[in-house]
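Down below is the structure, laid out as structure tokens.
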Amino acid sequence: MASEAVRVPATRLLDRFISRELAQPFVFGVLIFSMLLITGDVLFEIAKLVIEGGVSLWTVSRLFLYKIPGVVVLTLPISCLLATLLGFGTLSMHGEINALRSLGVNFGRIARPVLLASLGVVAATLFLNETIVPATDQAALNILRYEVSGKAIPGLRENIFLRDKEGSELKRVLYVSRLNPATGTMQDILVQDFEKKRLARVSTAKKGRFTEGQWWMEDGKVFEVHADGTVKSLFSFREQRLALALSPKELDKTSKRPKEMGLFELFRHIRLSEDQGIDTRDMQVLFHMRLAIPWAALVLALLGTSMGVRSPRGGRGVSLGVSVTVVFAYYVVMSFSRAFGDGGYLHPVLAAWLPNLSFLAVGSVLARKANG
């Protein structure tokens with residue numbers, strides 16, 4: 001009993017010691033990588049808007065603030081890698097890793113607080129990607145579309161979905177293959193009407209137009225969907241009014257593209273598209289990548305820990321350089337796997353998770369060597 005009482009505080013002390021050593025480089029990584037991304041992309045874009053477009057400082061300040069959450073989320077997995085490389089590299093250089101090993105502490109025990117902390121980063125990334133980031137990205141996009149662009153109507157939009165609800169009950173889903181807000185025209189329209197949470201009617205039209213404050217569908221058909229799933233053709237029409245109380249500009253602003261949707265929205269979007277025979281391969285890859293990319297924090301943390309405990313030399317500059325190289329390699333693999341997934345050469349799940357699986361394999365091999 002006495003030995004257990006001593007061991008429990010000792011293990012907690014070790015966890016706190018390692019977590020404290022990694023906290024500072026993690027925060028440093030978030031700050032430095034955020035500054036690099038903001039300086040290289042966001043500030044250049046904003047400066048161009050001020051100098052060439054004459055956009056007000058109030059507008060660009062809001063745009064800058066709305067861009068920050070999306071940038072910070074991108075830096076979290078990279079910062080996990082930098083924190084482990086820098087933190088464990090420092091501990092190795094000072095001989096503290098060897099001291100822990102001499103006391104019988106193996107690599108798995110050393111890595112445990114890192115993996116637990118990285119799981120917290122994964123959860124935080126998923127939460128931010130579903131809540132704050134979509135809202136701020138949409139706000140930034142609206143500023144670019146309706147304030148920065150001289151209040152000009154945006155260009156062609158594709159694959160638009162719009163849902164009409166009464167309370168929590170879905171009443172209608174509108175899908176438009178192409179929308180041109182400038183001309184007020186649509187192509188390939190699909191309207192699904194629901195009754196008592198059941199799909200009751202489907203209307204299709206080749207095109208549509210906005211005339212005198214109303215939308216009209218042209219060259220279409222209406223189908224009735226029975227409770228047993230059978231479909232009956234009701235009638236065809238040359239022109240029929242579409243009950244949509246939004247102007248082309250309002251429709252463009254209200255509707256979302258797949259990349260602007262949250263995970264649950266995107267999942268429902270894919271299911272509805274599949275029911276209508278629409279090719280959803282690229283959307284499935286996007287969906288699984290939304291799940292896979294946050295887990296890069298855990299994978300890169302394991303890889304950084306394995307490399308850090310075996311590197312007795314190096315400072316912040318070396319760790320930063322290694323982090324950039326590893327992350328560049330990760331995103332190269334991710335870009336190729338996504339391209340193969342979109343092209344149908346890889347299953348969407350494999351295309352999304354291949355970068356994580358590849359780097360997890362490398363990290364596992366290095367972890368076994370570090371434990372030897």
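The values are calculated or read from the model by the stated rules, or taken from the named source; none is laboratory data. Keep in mind that what you see is a predicted model, and the values were worked out from it rather than measured. Using ideal geometry, Cβ is built from the backbone for each residue, glycine included, and neighbour counts are taken over all protein chains shown. Surface areas here come from the heavy atoms of the whole protein model, side chains and all, with no ligands, DNA or RNA. Shrake-Rupley method; radii C 1.70, N 1.55, O 1.52, S 1.80 Å.
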Please identify which residues in region 177-216 have an amide N closer than 19 Å to a label point set 7 Å out from the Cα of residue 158, following the Cα→Cβ vector.
177-190, 206-208
Model label zone, residue 243; criterion: amide N under 19 Å from point 7 Å along Cα-to-beta-carbon; scope region 188-205
189-205
Does anyone have the angle between helix 2-37 and the longest principal axis of the chain? Alpha-carbon axes, 0 to 90°, nearest 10?
50
Distant alpha-carbon pairs in the chain (separation over 28 angstrom), percent:
58
Provide the packing ranking of 287-297, 109-119, 196-206, i.e. peptides ordered by the mean count of other C-beta atoms within 10 Å per residue, highest first.
287-297, 109-119, 196-206
Extreme residue, positive dipole direction of the chain, given options 318, 365, 14 (C-beta unit charges):
14
Output ordering of 14-26, 328-340 (per-residue mean of other Cβ within 10 Å, highest first) is 14-26, 328-340
Å² per residue, accessible surface of the chain at 1.4 Å
53
Carbon and sulfur together cover what percent of the accessible area of the chain at a 1.4 Å probe radius?
61
Which value, in Å to one decimal place, does the Kirkwood hydrodynamic radius take for region 182-249 when every pair of different Cα atoms is included?
12.8
Compare the peptides 85-92, 343-350 by average per-residue count of other Cβ atoms within 10 angstrom and give them in order, highest first.
85-92, 343-350
Taking the chain and counting helices only, DSSP H stretches of n ≥ 4 at -39,500 (n - 2.57) each over all residues, the nearest-500 ellipticity at 222 nm comes to -20500 deg cm²/dmol
Mind computing the radius of gyration and Dmax over the alpha-carbon atoms of region 183-294? Å is fine for both.
16.1, 49
Straight-line reach only, C-alpha to C-alpha below 15 angstrom: list the aspartates and glutamates that residue 249 could link to, leaving out same-chain residues fewer than 8 apart.
147, 158, 212
Taking N as the residue count of region 98-231, its alpha carbon Rg divided by 2.2 N^0.38 Å gives 1.78
Students often get this wrong, so check it: of 171/197; 171/207; 165/206; 165/196, which have C-alpha atoms separated by over 18 Å?
171/207; 165/206
Cβ-derived FRET efficiency at R0 35 Å, residue 138 paired with residue 16, nearest 0.05:
0.30
What ³J(HN,Hα) values, in whole Hz, does the Karplus curve 6.51 cos²θ - 1.76 cosθ + 1.60 give for region 95-110 when θ = phi - 60°, with x put for Gly and Pro?
x, 6, 5, 4, 5, 5, 5, 5, 8, x, 8, 8, 4, x, 5, 5
Determine, from the Cβ-Cβ distance of residue 178 and residue 279 and an R0 of 22 Å, the FRET efficiency 1/(1 + (r/R0)^6), rounded to the nearest 0.05.
0.90
What residues qualify as long-range amide H neighbours of residue 234, i.e. H under 5 Å apart, gap of 5 or more or another chain, H built at 1.01 Å from N?
222, 223, 224
If amide H atoms are built 1.01 Å from N in the plane of the peptide, which residues on other chains or at least 5 residues away come under 5 Å of the amide H of residue 178?
159, 187
